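Structure first, then comments.
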Amino acid sequence: MRTIEWCDGAVRLIDQRRLPHEEIWHTYGSYQGVARAIVEMQIRGAPAIGAAAAYGVALAALASPAQTPAALQADLDEALRVLAATRPTAVNLFWALERMRTVAQAALASGVDVARAALVAEARAIADEDVETNRRMAEFGAALIADGMSLLTHCNAGALATVDIGTTLGVIHAAHEAGKRIHVYVDETRPFLQGARLTAWELMRWGVPLTLITDNMAGHFISRGKVNLVMTGADRIAANGDTANKIGTYTLGVLAHENGVPLYIVAPTTTIDLGIATGADIPIEERSPREVTHICDVPIAPAGVPVANPAFDVTPHRYIAGIVTEQGIVYPPFGVGLRRVVREA
Ligand code: MRU
């Protein structure tokens, strides 16, 4: 099942806010609709956000009434600006928009019809490549998982966070399919509950044995020797290996390090940002206080309470044992290895 797909000149995506209780699909014919879907997290997860943004640009090209390359360029610039303003942390968004901008620039020289067709083809290629990338990461990553292992994961880095297959959950699925007896502890992942709602749903559909825990139980299970490996996705990896991922990943990194448990990141090379030297420079999205004061629309805190809601944190590279990419696994020191996999990609 693809999380997002091109469908007769429109974009169809599953509404991840409603899972696991309802499977509702939305169809968008405008880039504004796709931008809103990203902001509201109907679609989320770094690679899925990148694919959605690319499709958004394709929709903008089709919807534009422009008859000249200059007019189409102006409409595309506006769409690129709106889509770039949706979520700041996942670098896949900016990577996908840059790729679409480059294609537009080249194709516009041949006229508006050629540009429109080229942008649709490019968005579809970005989505297809994501699936293939995940397939390769699953192969590399599954080698890290031995029969009988117990893993812990955070947030949702599954098929839902990508076009299909997933990053971390792709690896876990591959190990399970290979007949390895594994067990996964799933952090619920407050405030948006991607673990409880989405990762638990995906793993149960695949028949992977799991235990759902609240985020503050992770230390207990790790310190009791119940976890052999912590594995998460990433939203942006700096040139030195510092990794931004869902809020709470840093805590897991410290806990894993303290207890001698390896933490592996699974992320495509499109999540690596060599333009950023360390994690300190990664922009961290601040989301609505309502995500903290409410759970599934039920208020849990006094009205008007001051709230902080950073959506991501940064795990320093010293807590990371390795980064699984579609070009292979990068081990410390990360600087050289990350440059190599980006060059090869
Ligand atoms: O806020 P979200 O749900 O978009 O955050 C998602 C994550 O943090 C994922 O771990 C990350 O994007 C990797 S998805 C393959």
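Data table
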quantity	calculated
For region 285-345 versus region 157-191, the gap between their alpha-carbon centres in whole angstrom	17
The chain - percent of accessible surface contributed by carbon and sulfur, probe 1.4 Å	55
Total charge dipole magnitude, region 228-304, about the Cα centre, Cβ charges on Lys, Arg, Asp, Glu only, Debye to nearest 20	120
Charge dipole magnitude, Cβ of K and R +1, D and E -1 - the chain, Cα centre, debye nearest 20	460
Kyte-Doolittle mean at least -0.5 and Cα axial length at least 27 Å: DSSP H helices in the chain	112-142
Shape of region 136-344, Cα gyration tensor, a/c cut at 1.5	oblate
Mean accessible surface per residue for the chain, computed with a 1.4 Å probe while every protein chain stays in place, in Å²	40
Options THR271, ALA63, ILE145, ranked by Cα towards positive dipole end of the chain, top entry (Cβ charges)	ILE145
Gaussian network model of the chain, Cα within-10 Å springs - most flexible of ASP113, ASP235, ASP215	ASP113
Fraction of antiparallel bridges per DSSP, the chain only, in percent to nearest 5	55
Residue-averaged [θ]222 nm for the chain, counting only DSSP H segments that reach four residues, each worth -39500 (n - 2.57)	-13000 deg cm²/dmol
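The values are calculated or read from the model by the stated rules, or taken from the named source; none is laboratory data. The shown structure was predicted, so the numbers you read here are calculated from the model rather than taken from an experiment. Positions of Cβ are backbone-derived with ideal geometry, glycine not excepted, and every protein chain shown enters the neighbour counts. Only protein heavy atoms, including side chains, enter the accessible area calculation; ligands, DNA and RNA are left aside. Shrake-Rupley method; radii C 1.70, N 1.55, O 1.52, S 1.80 Å.
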